[in-house]
Amino acid sequence: MGSRSASMHGMWSSRAVFIMATVGSAVGLGNIWKFPYITGEYGGGAFVVVYLICIALIGVPIMMAEILLGRRGRASPIATMKRLTREQHSSPLWTLVGYSGVLAGFLILSFYSVIAGWALAYVFDSAAGGLNGITADGAGQKFGDLVGSWQTLLLWHTVFTLMTIVVVARGVKNGLERAVTVLMPALFIMLLIMVGYAFIEGDFARGFGFLFNTDFSKVFQLCTGTPEALNCEFTGEPVVVAMGHAFFTLSLGMGAIMAYGAYVPDHASITGATLTIALADTVVALLAGLAIFPIVFASGLEPSSGPGLIFQTLPIAFGNMPGGQWFGTLFFVLLVFAAWSSSISIIEPAVAWLVDSRGWTRGVAAFAVGGLAWLIGIGSVLSFNLWSGEEYQLFGKTIFDLKDFLASNIMLPLGGLLIALFVGFGAGRQMALEELSISRQRLFDAWWFVIRFVSPVGIVIVFLNSIKAFG
Ligand code: TRP
């Protein structure tokens, strides 16, 4: 293995630390904020099933591929792809996946930090007693006031971007790693308590049914309007969004996991780590859904309320449970940490690239990348207030929606497709065999079949289906 077995950016001290950091990257706003709100928008159970299928057949195999590429290359995603295309005598064009990942990172952080900013605002509001005794209307009003003020959003967007920059500048490994080991389990326990609250005080049966009763006719339709005057259209959009979310929630398709994979010790098992990470991520998302939908139905809110969903429901729970003031504060603190440990992985590919291929120092690179994402993020800030009107929309989507749609639902799956094809066809079977070192031949063969055929074909079908539906 020689000099190739260590990354110039440092190494995780153990496999367990790698798993913690990657769970930190995977578990974030995607699970607690985005999963419930898109599940609400796209109709519930059927959407959840499609999402789970995408996690299993596309997400898990591609995560293994990303980690193995990262560990083999031991550099930033762009440098890794360059190195491996040379090593495997394949076309340098595969390196595109590295560049598109850097671009996707900018887009994603530019809205991620705005939403994380909402969570920051709620930390302080909750601590000051602002949620005490709040009603459903009051919670809606409060959220509306928050996003209506671009000044406030800009402030918190700036704070969160700086938090991200600081950790990335110090090196992902030294920064948040230790905090995450304590805080992620704490978040998990909090979610369990919230599910308990939803069970007692919410309309649990309806919330549960909404998440798990599967009406597949809805998967290919997008319905708007009230239940009495429902207007449904045939479209592939829910399936595209479910697949895009599988990538988003596992941090796949843009090199984040490849960058983290570069710091993995040589003999750690990739398969076991991947399954642990995917399971933890999925359980957190489902718990968030179980905590939120019973409250949605008990308070007469619409599941399809959009990006504000958790901010309009959880405060009702905190405002009316015993000890809710500090409990709510703690919850939002943990949510901010979950977002923080994710956001650092969003810009790590770009920063690592500037460091190993352009010779920048980590500090300068982190500031440059974070600063640019901050600038692009102003568009997301304004999407909720000054630029929320139709004249600022394209295809009925605000700038915030467009960035999310383009990055999550198009760029990440395309990146994942390239990664699967490179590992399955561009590079040799030998490379995967060596890196995965799965002792059971059958298991390797199954993964090999999935990464070469099942995942790529799945991604292509979902895209074709949506083009057909749009056309
Ligand atoms: N997975 C994170 C979440 O669910 C977000 C995230 C971190 C991400 N790194 C990423 C999304 C890379 C896409 C790509 O909140």
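The values are calculated or read from the model by the stated rules, or taken from the named source; none is laboratory data. A quick note: this is a predicted structure, and the numbers were derived from the prediction, not measured. We place every Cβ from the backbone using ideal geometry, glycine too, and count neighbours over all the protein chains shown. Please note that ligands, DNA and RNA were not included when accessible areas were found on the heavy atoms of the full protein model with its side chains. Shrake-Rupley method; radii C 1.70, N 1.55, O 1.52, S 1.80 Å.
Of the residues making up region 88-111, just one is touching a residue at least 12 places away in the same chain (Cβ under 8 Å), open to solvent by 40 Å² or more (accessible area, probe 1.4 Å), farther than 16 Å from A350 by Cα and assigned to a helix (DSSP H, G or I), namely W94. Applying the selection to region 367-401, what residues are modelled with pLDDT of 95 or more, open to solvent by 30 Å² or more (accessible area, probe 1.4 Å) and among the aliphatic types (A, V, I, L, M)? Residues satisfying the conditions are A368, L372, L375, I376, I378, L386, I399. For region 1-19, the tally of residues that are part of a helix (DSSP H, G or I) and either open to solvent by less than 50 Å² (accessible area, probe 1.4 Å) or touching an Asp or Glu at 6+ places or on another chain (Cβ under 6 Å) (or both) stands at 4.
Answer yes or no as to whether V167 is open to solvent by less than 30 Å² (accessible area, probe 1.4 Å), out of contact with any Ser or Thr (no Cβ under 8 Å at 6 or more places or on another chain) and either aromatic (F, W, Y) or more than 30 Å from L386 (Cα to Cα) (or both). For V167, the condition - open to solvent by less than 30 Å² (accessible area, probe 1.4 Å), out of contact with any Ser or Thr (no Cβ under 8 Å at 6 or more places or on another chain) and either aromatic (F, W, Y) or more than 30 Å from L386 (Cα to Cα) (or both) - is met. What about A26, is it open to solvent by 10 Å² or more (accessible area, probe 1.4 Å) and either within 23 Å of T271 (Cα to Cα) or in contact with a Gly (Cβ under 6 Å, 6 or more places away or on another chain) (or both)? When the stated conditions are applied, A26 does not pass them. Cβ-Cβ distances below 6 Å connect the following pairs, each with a first residue in region 121-148 that is surrounded by fewer than 16 Cβ atoms within 10 Å (Cβ to Cβ), a second residue that is not in a helix (DSSP H, G or I), and a separation of six or more residues or different chains: G148/N385.
Within region 438-445, is even one residue exposed (fewer than 14 other Cβ atoms within 10 Å of the Cβ) and in contact (Cβ under 8 Å) with a residue 60 or more places away in the chain? Scanning region 438-445, I find at least one residue that is exposed (fewer than 14 other Cβ atoms within 10 Å of the Cβ) and in contact (Cβ under 8 Å) with a residue 60 or more places away in the chain, so the answer is yes. Residues satisfying the criterion are absent from region 153-162 (criterion: assigned to a helix (DSSP H, G or I), free of Cβ contacts under 8 Å to residues at least 24 places away in the same chain and either more than 22 Å from the chain's Cα centre (by Cα) or surrounded by 15 or more Cβ atoms within 10 Å (Cβ to Cβ) (or both)). Somewhere in region 313-331, is a residue surrounded by fewer than 24 Cβ atoms within 10 Å (Cβ to Cβ), without any contact (Cβ under 8 Å) to a residue 60 or more places away in the chain and of a type in the set (S, T, Y)? Taking every residue of region 313-331 in turn, none turns out to be surrounded by fewer than 24 Cβ atoms within 10 Å (Cβ to Cβ), without any contact (Cβ under 8 Å) to a residue 60 or more places away in the chain and of a type in the set (S, T, Y).
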